[in-house]
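Q: Mind having a look at this structure? Questions to follow.
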């Protein structure tokens, strides 16, 4: 069973490391022969929008998935006509576009901050009249890790924001004050089996995930998050891992965005759950029984951004699991992560503090 | 940090899968470009006694280790003069020869069954006079998984046994009746740090490991086994994972053999311990702090010999972790294994029974 993965980043690499024991083999499409995934699998060199190389990959594997979201959907529809491509392209196409995404949430009655589509400066003014300031203007496409968005605090911010993003479709969102950010990660197999991980609490900085804590153990929110995820599963006859990020506002879940893939906030599942999100993604798209998503105690995950900490003091922390993605350093680039596992939340928090002191 | 591994079997493959997250890269020496390790790393093609290819591997990596024991020690001493080669060659050389091994146990006051070296038919008769029948005659070298040995039950068995193995050094061992077989796996780093896993109970069939259960929770035997392992560590200024297999006789430990490497009876540590034997071997030889060897509940490991069971029913067992080594089938060949993890011994045993029913 050879699986093709579009993108050989850290997600693809961790999918391969989890999938080899299940007898899968892996071939990636990526621009770099030394990409994290290419170091542990075969590589087809090419851009993610190179139809020829996408076809070359599709013709040489049994099943296809992706680790990057920004692949032109029309090319993927062509591939999905010829080969098993999962998660379904319509789910990916929705995640690529904030307007489609918000409309999906509305259709499925999943609460979101208030929003308005914006396609002109007049429309931006009208949207601000409706939603009020402060508000966030975001590009509909190609935004991630805090890019492609800006906060509007006063009326004078509107024109510069419009000019900054001029020409691309935008969305204005209510600026919400939330108690915390959490995410739910679930998995559905091609056989229709579903399983859910514990809610994870996420701490962002400048729009990039810094660290996560699991479980975020609030049973009524867990049930609600699973119910919302189930609606997305059903909507797309989904297969694979799926993530929804939420704000917690007044003790309620308000959806921020979906990711139709394994997710940074689920990296703790490698050591902190019976079966990781990576193995379950492979099981799901291959149509195999899903693995147990139960947690093993308490976990914290810290991203290494821009530079890797020295290995020795990190590994000296009890229950530390180090993940070097094999990337060259670049400011704010995700180069690796470390998960701390412990039997108690207190021991986990102690390990997390030691780790954060090393990361700076 | 590129690590060279002599032999690209399942042990090398699992070392690589555990070592990538620590930022290690892997290059193997093996005769097959589709060996289990070669599927997940780089390969240098050659036999294990090919001095030229061994040197080619040594010249292209930062550190060397092995997954096969049967590499001529004189070639390894040459390599160890030029590059960091761990575990130490003298430990491997001892494990390659039952006579050296028994003398080591005697020197370190680790109990064994009674034994005698045999280099002639007369010496065999004399040894049988001393040790009594039944007894086992074994070749000193190249015996593993039950090969290179035969049981002597009556005096008429001596001559055929001598003729069968004629010309190679032999050892006669007392045939012991034991309650069970257990193994201790420990790890020592180049910095002198040590850690030990829980004793594992092993069930063999025709000399090949069929399944293991951990922990074998008998505190005084655990302490004793660790003490014995510590003596071997000290004797060789050891670095890496080391295993001793014991018989339990009248509630006491009697050593059978050592393996200066990760061991089949420790495969359960991948999911059943905080840090696996594979990751700890890499940490140890790189001189990194060792990972926590604590167990996570109860584990059982079943070897897949000769053929792999169908994936779906195995994965449907709660807490099942499947490991396909990517090998082609051959009678009694180790093709993979499955570990069952559970919070209680009872749940683990229930999973084990389901799994054994599928393996046949």
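The values are calculated or read from the model by the stated rules, or taken from the named source; none is laboratory data. Everything quoted here is computed from the prediction, not taken from an experiment. Virtual Cβ from ideal backbone geometry, glycine too; neighbours counted across all protein chains shown.
Q: Determine whether the stretch A:244-259 contains at least one residue that is touching a helix residue (DSSP H, G or I) at 6+ places or on another chain (Cβ under 8 Å), under 22 Å from residue B:273 (Cβ atoms), more than 11 Å from chain B (Cβ to nearest Cβ) and at pLDDT 95 or above.
A: no
Q: Among the helices (runs of 4 or more DSSP H) lying completely within the stretch B:1-112, list those that include at least 2 residues that are surrounded by fewer than 18 Cβ atoms within 10 Å (Cβ to Cβ) and modelled with pLDDT of 95 or more.
A: Details: elements: B:10-19, B:51-59, B:73-82, B:89-95, B:98-107.
In the stretch B:1-112, B:51-59, B:73-82, B:98-107 are the helices (runs of 4 or more DSSP H) which contain 2 or more residues that are surrounded by fewer than 18 Cβ atoms within 10 Å (Cβ to Cβ) and modelled with pLDDT of 95 or more.
Q: Then there's this: Among the residues of the stretch A:334-350, which ones are farther than 15 Å from residue A:209 by Cα and under 25 Å from the mean Cα position of the chain (by Cα)?
A: Applying the first criterion (farther than 15 Å from residue A:209 by Cα) to the stretch A:334-350 yields A:340-350.
Once the filter is applied, which keeps residues that are farther than 15 Å from residue A:209 by Cα and under 25 Å from the mean Cα position of the chain (by Cα), the stretch A:334-350 yields A:340, A:341, A:342, A:345, A:348, A:349.
Q: Pick from A:61, A:40, A:44: which is outside the structural domain of residue A:119 (by TED's automatic domain parsing) and out of contact with any helix residue (DSSP H, G or I) (no Cβ under 6 Å at 6 or more places or on another chain)? Let's see the steps before the verdict.
A: On the way: A:40 fails: out of contact with any helix residue (DSSP H, G or I) (no Cβ under 6 Å at 6 or more places or on another chain); A:44 fails: out of contact with any helix residue (DSSP H, G or I) (no Cβ under 6 Å at 6 or more places or on another chain).
Exactly one of A:61, A:40, A:44 is outside the structural domain of residue A:119 (by TED's automatic domain parsing) and out of contact with any helix residue (DSSP H, G or I) (no Cβ under 6 Å at 6 or more places or on another chain), namely A:61.
Q: Can residue A:27 be described as more than 10 Å from chain B (Cβ to nearest Cβ), farther than 18 Å from residue B:19 by Cβ and touching a strand residue (DSSP E or B) at 6+ places or on another chain (Cβ under 8 Å)? Working first, answer last.
A: Working: more than 10 Å from chain B (Cβ to nearest Cβ): yes; farther than 18 Å from residue B:19 by Cβ: yes; touching a strand residue (DSSP E or B) at 6+ places or on another chain (Cβ under 8 Å): yes.
Yes.
Q: State whether the residues of the stretch A:181-188 include one that is over 30 Å from residue A:288 (Cβ atoms) and in contact with a strand residue (DSSP E or B) (Cβ under 7 Å, 6 or more places away or on another chain). If you could, list the steps in order and put the result at the bottom.
A: If we filter the stretch A:181-188 for residues that are over 30 Å from residue A:288 (Cβ atoms), which is where we start, we get A:181.
Cutting the leftovers down to in contact with a strand residue (DSSP E or B) (Cβ under 7 Å, 6 or more places away or on another chain) gives us A:181.
Taking every residue of the stretch A:181-188 in turn, at least one turns out to be over 30 Å from residue A:288 (Cβ atoms) and in contact with a strand residue (DSSP E or B) (Cβ under 7 Å, 6 or more places away or on another chain).
Q: Among (1) touching a residue at least 24 places away in the same chain (Cβ under 8 Å); (2) in a strand (DSSP E or B); (3) over 23 Å from residue B:91 (Cβ atoms), which single condition is residue B:257 missing?
A: Every condition holds for residue B:257 apart from (3).
Q: Among the residues in the stretch B:323-333, are any buried (at least 23 other Cβ atoms within 10 Å of the Cβ), free of Cβ contacts under 8 Å to residues at least 40 places away in the same chain and either under 22 Å from the mean Cα position of the chain (by Cα) or within 11 Å of chain A (Cβ to nearest Cβ) (or both)?
A: Scanning the stretch B:323-333 turns up no residue that is buried (at least 23 other Cβ atoms within 10 Å of the Cβ), free of Cβ contacts under 8 Å to residues at least 40 places away in the same chain and either under 22 Å from the mean Cα position of the chain (by Cα) or within 11 Å of chain A (Cβ to nearest Cβ) (or both).
Q: Cβ contacts < 6 Å: first residue in the same structural domain as residue B:233 (by TED's automatic domain parsing) and assigned to a strand (DSSP E or B), restricted to the stretch B:284-307; second residue modelled with pLDDT under 95 and surrounded by 23 or more Cβ atoms within 10 Å (Cβ to Cβ), any location; separation 6+ or different chain. Result?
A: B:303/B:209
Q: Which condition breaks for residue B:189 when tested against (1) outside the structural domain of residue B:292 (by TED's automatic domain parsing); (2) farther than 23 Å from residue B:257 by Cβ; (3) buried (at least 17 other Cβ atoms within 10 Å of the Cβ)?
A: So the condition that residue B:189 fails would be (1).
Q: Out of A:187, A:182, A:137, I need the residue that is part of a strand (DSSP E or B), free of Cβ contacts under 8 Å to residues at least 60 places away in the same chain and under 30 Å from residue A:304 (Cα atoms). Which one?
A: On the way: A:187 fails: free of Cβ contacts under 8 Å to residues at least 60 places away in the same chain; A:182 fails: free of Cβ contacts under 8 Å to residues at least 60 places away in the same chain.
Criteria check complete, one pass: A:137.
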